[in-house]
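J.: Sharing a structure with you now.
The values are calculated or read from the model by the stated rules, or taken from the named source; none is laboratory data. Fair warning: this is a prediction, and the values are worked out from it, not measured in the lab. Every residue, glycine as well, gets a Cβ built from its backbone with ideal geometry; the counts of neighbours run over all protein chains shown. Each accessible area value is taken on the protein alone, full model and side chains, heavy atoms only, with ligands, DNA and RNA left out. Shrake-Rupley method; radii C 1.70, N 1.55, O 1.52, S 1.80 Å.
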Amino acid sequence: MNIVLLGAPGAGKGTQASKLEQKYNLLHISTGDIFRANIKGGTPIGKLAKSYIDAGQLVPDEVTCDIVKDRLTWQDAANGYMLDGFPRNLFQAEKLDEFAHIDLCVNISVEFSLLMDRICGRRVCSCGESYHISTLGGRTTCAKCGQPLYQRADDNPETVQARLNTYNTQTAPLIDYYKKQGKLVTVVSGEGSPDEVFVQICKEIDNFKAQQ
Ligand code: AP5
Ligand code: MG
């Protein structure tokens, strides 16, 4: 089963993908994580991506689509995957339909007023786990692997505002794109805890599977 996780910055795509990965044995592919690994490694892709990410803008489509197209050919994607942060505009969505079959698009919907706090309070681990300072109780290391937590370079108020604007103008239209394809389910993450949102998403995935 191949899933697109759609949602604004801070909606909880990464948080939910990490839970879903364990339950359904689906590969988690995050274009943001791929770019950050390239920045850390100082690769040409990382050098190109950094300026766009720091400005809250999208990395050019050709680069991003080639990365995803290639990643989907790896053996570990054969059992199904979740795309987190891809596609992010109509061009990418149409390209994706040329090289992959998407079964379901899970749109994680959150009131915009909650996002700034969620993102600026986020602390992440290089193992992929993500936390919010309000739930850490002062802890500075990852509960899963013990490594030190840190704040993402693009998690500052100015860049977050630019990312939200980019989402509104370029990514939000994908809700309609997947609705027209009959593949859209929407879960609301504003009022529920991550575990409650997870239950909603599992229900949608299980419903979909039962209909196959
Ligand atoms: P990316 O890394 O994808 O960032 P994003 O879309 O801005 O999303 P985030 O990772 O910030 O949020 P999330 O939805 O994963 O939320 P999380 O689970 O962490 O992309 C970064 C940049 O890379 C882009 O700006 C762009 O430049 C570039 N890029 C990436 N993909 C691209 C593409 N396809 N094309 C071009 N450029 C691309 O949760 C957030 C916080 O909220 C955490 O603290 C978490 O603990 C908390 N939280 C989660 N759920 C809940 C809940 N239910 N209740 C309370 N708190 C919660
Ligand atoms: Mg994320």
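J.: So THR166 clears everything in (1) open to solvent by less than 60 Å² (accessible area, probe 1.4 Å); (2) farther than 30 Å from ALA210 by Cα; (3) away from ligand 2 (no atom under 16 Å from the Cβ); (4) not basic (Lys, Arg) except one condition, right? Which one?
T.: Among (1) open to solvent by less than 60 Å² (accessible area, probe 1.4 Å); (2) farther than 30 Å from ALA210 by Cα; (3) away from ligand 2 (no atom under 16 Å from the Cβ); (4) not basic (Lys, Arg), THR166 violates only (3).
J.: Just the residues that are within 15 Å of ASN2 (Cα to Cα) and either open to solvent by less than 30 Å² (accessible area, probe 1.4 Å) or touching a strand residue (DSSP E or B) at 6+ places or on another chain (Cβ under 8 Å) (or both), please, taken from the stretch 182-206.
T.: Listed by number, the residues that qualify are LYS183, LEU184, VAL185, ILE201, CYS202, GLU204, ILE205.
J.: Still on this model: Please work out which residue is nearest to GLY46 (Cα to Cα), limiting yourself to the stretch 19-33 and to residues that are among the hydroxyl-bearing types (Ser, Thr, Tyr) and open to solvent by less than 20 Å² (accessible area, probe 1.4 Å).
T.: THR31
J.: Name the strands (runs of 3 or more DSSP E) wholly inside the stretch 82-156 in which the number of residues that are more than 11 Å from ligand 1 (Cβ to nearest atom) and open to solvent by less than 50 Å² (accessible area, probe 1.4 Å) is 3 or more.
T.: Here the list reads 104-109.
J.: Also: Which residues, taken from the stretch 161-177, are outside any helix (DSSP H, G or I) and more than 14 Å from PRO87 (Cα to Cα)?
T.: none
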